[in-house]
1. Need the failing condition index for residue 166 against (1) free of Cβ contacts under 8 Å to residues at least 24 places away in the same chain; (2) over 22 Å from residue 26 (Cα atoms), just the number.
2. Would you point out which residue out of 248, 259 is in a helix (DSSP H, G or I) and within 15 Å of the ligand (Cβ to nearest atom)?
3. Would you mind stating whether residue 218 is within 16 Å of the ligand (Cβ to nearest atom), over 30 Å from residue 120 (Cβ atoms) and either modelled with pLDDT of 95 or more or surrounded by fewer than 23 Cβ atoms within 10 Å (Cβ to Cβ) (or both)?
4. Got a number for residues in region 165-202 being more than 13 Å from the ligand (Cβ to nearest atom) and either in a helix (DSSP H, G or I) or not hydrophobic (A, V, I, L, M, F, W, C) (or both)?
5. Among the numbered conditions (1) in contact with a strand residue (DSSP E or B) (Cβ under 8 Å, 6 or more places away or on another chain); (2) more than 19 Å from residue 147 (Cα to Cα); (3) in a loop (DSSP other than H, G, I, E, B), tell me where residue 219 comes up short.
6. Could you give me the residue pairs with C-beta distances under 6 Å whose first residue belongs to region 186-212 and is within 23 Å of residue 249 (Cα to Cα), whose second residue is among the charged types (D, E, K, R) and part of a loop (DSSP other than H, G, I, E, B) wherever it lies, and which are 6+ apart or on separate chains?
7. Counting only residues that are in contact with a helix residue (DSSP H, G or I) (Cβ under 8 Å, 6 or more places away or on another chain) and closer than 18 Å to residue 84 by Cβ, which one in region 10-42 is surrounded by the fewest Cβ atoms within 10 Å (Cβ to Cβ)?
8. Test of understanding: among 238, 234, which residue is assigned to a loop (DSSP other than H, G, I, E, B), more than 16 Å from the ligand (Cβ to nearest atom) and either touching a residue at least 12 places away in the same chain (Cβ under 8 Å) or surrounded by fewer than 21 Cβ atoms within 10 Å (Cβ to Cβ) (or both)?
Amino acid sequence: MTDVPDALGGMVARAGAAVPCFEFPALAESGLRHGVLTRLGGVSPAPYAALNVSFAVGDERARVMENRARAAHALGGELGRLRAARQVHGAAWRVVRCGDTPPAEAEAPPADILLCGEPGTLLLLKFADCTPLILWDAAQRWVALAHAGWRGTALNVAATAVAALVQVAGSRPEGLWAAIGPAIGRCCYEVAPAVVRAVSATGVDAERVSALGPSGRPHLDLAEANRLQLLAAGVLPGRISAAGVCTACRTDLFYSHRALGVPAGRFGVVAGVPA
Ligand SMILES: [Zn+2]
């Protein structure tokens, strides 16, 4: 059994959670209910072991539902108030209202950015290397949860999520709290040069987010690219937390598409306005 540390990079273990779950102190202190689940504490066997929250990777539905229920319970919530999305590596956003968004066991609508201002509702997105982004407006009490792999980063999901909160919730970018969850790190993320060009086309300086690796091909820092996009969108540097954890280096705790291949599970990131 893997020991779960009390602190991991910029995250701390959520006290009293039934399954291992990390949170960002600045977001928790400003009132956001949120958690980064790990692969531990679930019911799925290998190759999904154990807390896989995705229906799309070949795992059995009943196990995924149990895992999602455990993820909701870890945040003091319930499965019936959990809402997910079918992630398509795009930059479309969707406002979630519990009454008119399908429940977690149904086919979820496509989106890579979910927004919610409804107390008690929990947003769930699924990850295995792509960057989790959480944005929290503690004044307006709205949250956005986003999924940004290289394609999403090239589409500037980070800025799109900020703009969506401005439009829907009347947020001011400088008033937002932001967190960047565990994602594949520059250490492990070798990419084609065209991927770096696509990301830098959003205005991110390629030299700040990539470096040549031992094979002579570039390695990309997705988390840093997203941090720079958040800054460009007006989020203040002191309000951005980062996990600083590489999913491919920490397959003891997280799933990694690059390191584990197919099939593998997806870990959950959950956020919602407290009831
Ligand atoms: Zn790594």
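The values are calculated or read from the model by the stated rules, or taken from the named source; none is laboratory data. Since the structure is predicted, the reported quantities are computational estimates derived from the model, not experimental observations. FYI the Cβ positions are ideal-geometry reconstructions off the backbone, even for glycines, and counts take in every protein chain you see.
1. For residue 166, the failing item is (2).
2. On the way: 248 fails: in a helix (DSSP H, G or I).
Matching residue, one of 248, 259: 259.
3. Details: within 16 Å of the ligand (Cβ to nearest atom): yes; over 30 Å from residue 120 (Cβ atoms): yes; either modelled with pLDDT of 95 or more or surrounded by fewer than 23 Cβ atoms within 10 Å (Cβ to Cβ) (or both): yes.
The answer is yes for residue 218.
4. The first filter runs over region 165-202 and keeps only residues more than 13 Å from the ligand (Cβ to nearest atom), leaving 165-181, 191-202.
Pick out the ones that are also either in a helix (DSSP H, G or I) or not hydrophobic (A, V, I, L, M, F, W, C) (or both) and you get 165-175, 181, 193-200, 202.
So the count comes out to 21.
5. (3)
6. 186/221; 190/217; 209/221
7. Only one residue tops the list, namely 19.
8. Numbers: 238 fails: assigned to a loop (DSSP other than H, G, I, E, B).
Within the list 238, 234, the selection yields 234.
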